[in-house]
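The values are calculated or read from the model by the stated rules, or taken from the named source; none is laboratory data. As the structure is a computational prediction, the values presented were derived from the model and not from experiment. In this analysis, Cβ positions are derived from the backbone assuming ideal geometry, glycine residues included, and neighbour counts consider all displayed protein chains. What goes into the accessible areas is simple: the full protein's heavy atoms, side chains included, and nothing from ligands, DNA or RNA. Shrake-Rupley method; radii C 1.70, N 1.55, O 1.52, S 1.80 Å.
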Amino acid sequence: MSAESMPDPAIPGESGSTGPRHRAKGRRRKPRAKRRKGLLVVAWTAAGIVVLGGTGAGVLYFKLNGNLKSVDIDQVLGTDRPEKADNGSENILVLGSDTRSGGNGKLGGGTDDGTARSDTAMIVHVHQGHKKASVVSIPRDTLIDRPECTDTDGGEHPAADDVMFNSAYATGGAACAVKTVESLSGLRMDHYLEVDFGGFQQLIDDLGGVEVTTTEDIEDPDSHLDLKAGTHRLDGEQALGLVRTRHGVGDGSDLGRIQLQQAFIKALVHQVEDVGVLTNPKRLYDLADTATKTVTTDSDLGSVNSLMSFAGGLKGIGPSNMHMVTMPVIYDPADANRVLVEETKAQQVWDALKNDREIPKTATEGTATGEADGVVSAG
């Protein structure tokens, strides 16, 4: 969904740091009624696939099923993983893939260097009963210790200390990203969903745009974004620019971009209710076709039937019962362009999810923010 708004000089931090890192709080330098729609409602699930209930379902099923891509995370990671929760909750790792190969190279924000990154990462915790969800965004700039991992092609990658979080996906793909998140959180990821940012742009266009209101001007040439304060219906290119920008608003950090992404997701959930998707077969089919071409799933969700069943179980979750936070971090005093995990507060988040409780407010109080909160809301 998101990509860096400026080109990356490979993967920063790969060789480690030569100076001490102290976990001190710092400042980064600038460079309506309850809705009953599916979780995140990025159309890669229920909104498009409901079309199968109509005439010609068999033909559409095989076409859409053929669009889907999946990876067998369980086989690659084996049994050395956190235990599955026994309380009825589920954890889904959602990544935004920002490869710039092929048609994506025309979208701006970087060049094709032969790799893909995961500049958007969210742990979606679906609580027991599937009536509410907690969403934890993981900043791509977080310095972590990455475990050794094996990719889906069998390639082995050694562990690395003090590297950026998004190096996990760039190094070993989906399996390495999942293993890194499980190592970081102590939580088992039950499912994996990866969204390509080019497909995200097309999905927004298929929806007819998303309406948002901004409280201030947002301008970022690198993300192809120029919005004046006010209400706008964003097309796909503008929406992609919004969820990718970091220099156009706030303190110029990845944390500010995460705040914009979270606000846009809620606006998107509101929007799907209002665009007449379920009464417009052509729009519904276009969404389903784009959605199934856009996502990569774990093998358990790698068929239209499985994805439809999974999405159906989330249809009771709307924006009013989605609690969205950012993993507690502090700015790194040794490098203002990186953040460090605030271990004590982060553990409060992981403990809450492990025990299927709401994340306490104390877990995010006093941690680093991107100063873009409230800039964007549903139109």
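Looking for whichever is of a type in the set (D, E, K, R) and in contact with a strand residue (DSSP E or B) (Cβ under 8 Å, 6 or more places away or on another chain) here; the options are 205, 162, 153. Which one fits? Before the answer, list the steps.
On the way: 205 fails: in contact with a strand residue (DSSP E or B) (Cβ under 8 Å, 6 or more places away or on another chain); 153 fails: in contact with a strand residue (DSSP E or B) (Cβ under 8 Å, 6 or more places away or on another chain).
Only one candidate passes the filter, namely 162.
Which of the residues belonging to segment 173-222 are more than 25 Å from residue 347 (Cβ to Cβ) and part of a strand (DSSP E or B)?
193, 194, 195, 196, 210, 211, 212, 213, 214, 218, 219, 220
Is it the case that some residue within segment 194-202 is open to solvent by 40 Å² or more (accessible area, probe 1.4 Å) and either modelled with pLDDT of 95 or more or of a type in the set (S, T, N, Q) (or both)?
yes
From the set of residues in segment 229-256 that are in contact with a helix residue (DSSP H, G or I) (Cβ under 7 Å, 6 or more places away or on another chain) and part of a helix (DSSP H, G or I), which is most open to solvent (accessible area, probe 1.4 Å)?
Ranking the qualifying residues of segment 229-256, first place goes to 237.
Please go through segment 291-315 and pick out each residue that is open to solvent by less than 20 Å² (accessible area, probe 1.4 Å) and more than 24 Å from residue 75 (Cα to Cα).
291, 314
Of these, 88, 105, 110, which one is assigned to a loop (DSSP other than H, G, I, E, B), open to solvent by 10 Å² or more (accessible area, probe 1.4 Å), of a type outside the set (D, E, K, R) and modelled with pLDDT under 70?
Checking each option against the conditions leaves just 110.
Can you tell me how many residues within segment 279-296 are modelled with pLDDT of 75 or more, of a type in the set (S, T, N, Q) and either in contact with a Phe, Trp or Tyr (Cβ under 6 Å, 6 or more places away or on another chain) or in a helix (DSSP H, G or I) (or both)?
The total comes to 3.
Quick one: in segment 362-379, of everything that is over 22 Å from the mean Cα position of the chain (by Cα) and either under 23 Å from residue 264 (Cβ atoms) or not hydroxyl-bearing (Ser, Thr, Tyr) (or both), which residue is surrounded by the most Cβ atoms within 10 Å (Cβ to Cβ)?
366
Output the number of the condition that residue 205 fails; it satisfies all remaining conditions of (1) out of contact with any Lys or Arg (no Cβ under 9 Å at 6 or more places or on another chain); (2) buried (at least 21 other Cβ atoms within 10 Å of the Cβ).
(2)
Could you identify the single residue in 290, 297, 231 that is in contact with an Asp or Glu (Cβ under 7 Å, 6 or more places away or on another chain), within 30 Å of residue 68 (Cβ to Cβ) and among the hydroxyl-bearing types (Ser, Thr, Tyr)? Quick ask: steps written out before the conclusion?
Working: 297 fails: in contact with an Asp or Glu (Cβ under 7 Å, 6 or more places away or on another chain); 231 fails: within 30 Å of residue 68 (Cβ to Cβ).
After ruling out the rest, the residue left standing is 290.
Give all pairs with beta carbons closer than 7 Å in which a residue from segment 79-93 that is over 19 Å from residue 301 (Cβ atoms) meets a residue that is among the basic types (Lys, Arg); count only pairs at least 6 apart in sequence or on separate chains.
82/188; 83/188
Can you report the number of residues in segment 125-159 which are small (Gly, Ala, Ser) and open to solvent by 10 Å² or more (accessible area, probe 1.4 Å)?
4
When you scan segment 257-271, how many residues do you find that are among the charged types (D, E, K, R) and either open to solvent by less than 10 Å² (accessible area, probe 1.4 Å) or modelled with pLDDT of 90 or more (or both)?
Counting residues in segment 257-271 that are among the charged types (D, E, K, R) and either open to solvent by less than 10 Å² (accessible area, probe 1.4 Å) or modelled with pLDDT of 90 or more (or both) gives 1.
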